[in-house]
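Below: the structure, in structure tokens.
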Protein chains: 2
Amino acid sequence: MTITMYQASVPAFTQMLGSLAAILTKAEAHATAKKIDPAVLLGARLFPDMLPYTRQIQLTCDFAKNTTARLAGQEPPKWEDKESSFAELQARIGKTLDFLKGYKPAQIDGAEERDVTIPIGGNPTTFKGQRYLVGFALPNFYFHLSAAYAILRHNGIEVGKRDYLGQF
Amino acid sequence: MTITMYQASVPAFTQMLGSLAAILTKAEAHATAKKIDPAVLLGARLFPDMLPYTRQIQLTCDFAKNTTARLAGQEPPKWEDKESSFAELQARIGKTLDFLKGYKPAQIDGAEERDVTIPIGGNPTTFKGQRYLVGFALPNFYFHLSAAYAILRHNGIEVGKRDYLGQF
């Protein structure tokens with residue numbers, strides 16, 4: 001009477017990255033319709049020392065990619081952060097979705113007891129897979145996903161909770 | 001080789017509500033130090049048709065409360081939304097944490113196959129417990145939690161990711 005580590009992770013990442021891509025499409029349409037320079041939206045922040053929209057998308061993608069790889073006992077690949085257009089950000093999300101498709105449930109299941117070591121504030125920190133997913137990886141994933149959404153809402157893009165939730 | 005529905009839900013709600021309360025304490029200290037009327041922060045929004053800080057906290061609490069009750073096969077209690085001060089919002093978070101403490105793992109475990117029916121856009125929608133938790137309840141919980149954080153950051157409250165993550 002349980003759920004698997006795969007069910008608790010990859011389907012959620014897939015659902016939410018799908019919504020991130022759909023919202024990005026709406027943001028591009030808004031910029032085009034209002035003749036807004038894409039760089040303005042892609043660089044938008046909620047406060048000067050917060051990360052801009054582009055970086056929030058990259059980090060959302062990376063938490064999905066890195067969490068999935070680590071739960072499978074693998075070192076995640078590093079991807080360059082060099083996206084500077086709507087199309088390049090769409091490609092980053094697409095590449096992340098393809099990466100997730102490369103994992104079978106059997107590679108992730110059983111990860112609840114696997115040690116995962118990551119640097120936090122420069123210090124290697126080891127979690128059991130279950131705590132890593134529930135207490136660290138999912139909160140971080142949703143943090144950047146929601147920040148990306150909030151930046152767009154703050155800039156007047158017409159999206160709502162339904163867009164954020166995606167295909168649930 | 002699995003995790004339980006309890007482990008995937010209540011400990012995350014508890015951890016993140018603890019961080020929400022600690023950030024709220026910092027927001028109050030900021031308002032006091034800068035002589036900001038509490039009502040200004042509590043009513044702050046990222047855009048005119050987005051919900052204000054107080055409502056984001058109430059909804060974060062409600063997603064924790066309602067999800068836990070529904071996974072246990074119970075109708076969640078309805079709580080009035082009448083908080084209008086930092087102290088009252090702290091009490092709402094504390095009451096939610098106490099509510100979660102009232103559930104034993106055995107009441108939640110096994111919920112992955114239990115039907116959960118909720119109104120979405122006015123239409124009763126039925127999920128299996130696992131899809132309800134992973135694809136709907138957690139994304140919603142983190143949505144409002146992150147929105148509360150983003151509103152404060154946008155208003156210059158000095159908090160960071162470590163505050164958001166809480167005691168992981």
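The values are calculated or read from the model by the stated rules, or taken from the named source; none is laboratory data. All values reported here derive from a predicted model rather than from experimental measurement. With ideal geometry, Cβ positions are generated from the backbone for all residues, glycine too; neighbour counts draw on all protein chains shown. SASA here: full protein model, heavy atoms, side chains in, ligands and nucleic acids out. Shrake-Rupley method; radii C 1.70, N 1.55, O 1.52, S 1.80 Å.
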Legend entry - Among the candidates A:Ala27, A:Ala33, residue that is within 23 Å of B:Arg45 (Cα to Cα) and out of contact with any Asp or Glu (no Cβ under 9 Å at 6 or more places or on another chain): A:Ala27
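Is it the case, given these coordinates, that A:Lys104 is within 17 Å of the chain's Cα centre (by Cα) and among the basic types (Lys, Arg)? So that I can check it myself, show each step before the final result.
Working: within 17 Å of the chain's Cα centre (by Cα): no; among the basic types (Lys, Arg): yes.
Criteria not met by A:Lys104.
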Inset, instruction - Report, by residue number, each residue of segment B:86-122 that is surrounded by fewer than 18 Cβ atoms within 10 Å (Cβ to Cβ), among the hydroxyl-bearing types (Ser, Thr, Tyr) and within 30 Å of B:Lys26 (Cβ to Cβ). - result: B:Tyr103
Inset, instruction - Enumerate the pairs (first residue in segment A:88-103 and at negative phi; second residue anywhere and of a type in the set (A, V, I, L, M) and not in a helix (DSSP H, G or I)) with beta-carbon separation below 9 Å, excluding pairs fewer than 6 apart on the same chain, so at least 6 apart or on different chains. - result: A:Tyr103/A:Ala72
Inset, instruction - Give the residue that is farthest from the chain's Cα centre (by Cα), with candidates limited to residues of segment A:150-165 that are more than 8 Å from chain B (Cβ to nearest Cβ) and open to solvent by less than 20 Å² (accessible area, probe 1.4 Å). - result: A:Ile157
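Name the one entry in A:Arg45, A:Arg70, A:Arg114 that is of a type in the set (Lys, Arg) and more than 14 Å from chain B (Cβ to nearest Cβ).
One residue alone meets the criteria, A:Arg70.
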Legend entry - Number of the condition not met by B:Gln130 [criteria: (1) closer than 30 Å to A:Asn155 by Cα; (2) surrounded by 14 or more Cβ atoms within 10 Å (Cβ to Cβ); (3) facing chain A (nearest Cβ under 8 Å)]: (1)
Legend entry - Residue satisfying all of: in segment A:1-20; farther than 18 Å from A:Arg114 by Cβ and either touching a Lys or Arg at 6+ places or on another chain (Cβ under 6 Å) or at the interface with chain B (Cβ under 7 Å from one of its Cβ atoms) (or both); surrounded by the most Cβ atoms within 10 Å (Cβ to Cβ) among these: A:Met16
Legend entry - So B:Phe141, is it aromatic (Phe, Trp, Tyr) and at pLDDT below 95: no
Legend entry - Failed item in (1) more than 14 Å from chain A (Cβ to nearest Cβ); (2) open to solvent by 10 Å² or more (accessible area, probe 1.4 Å); (3) among the basic types (Lys, Arg); (4) within 16 Å of the chain's Cα centre (by Cα), with B:Lys26 passing the rest: (4)
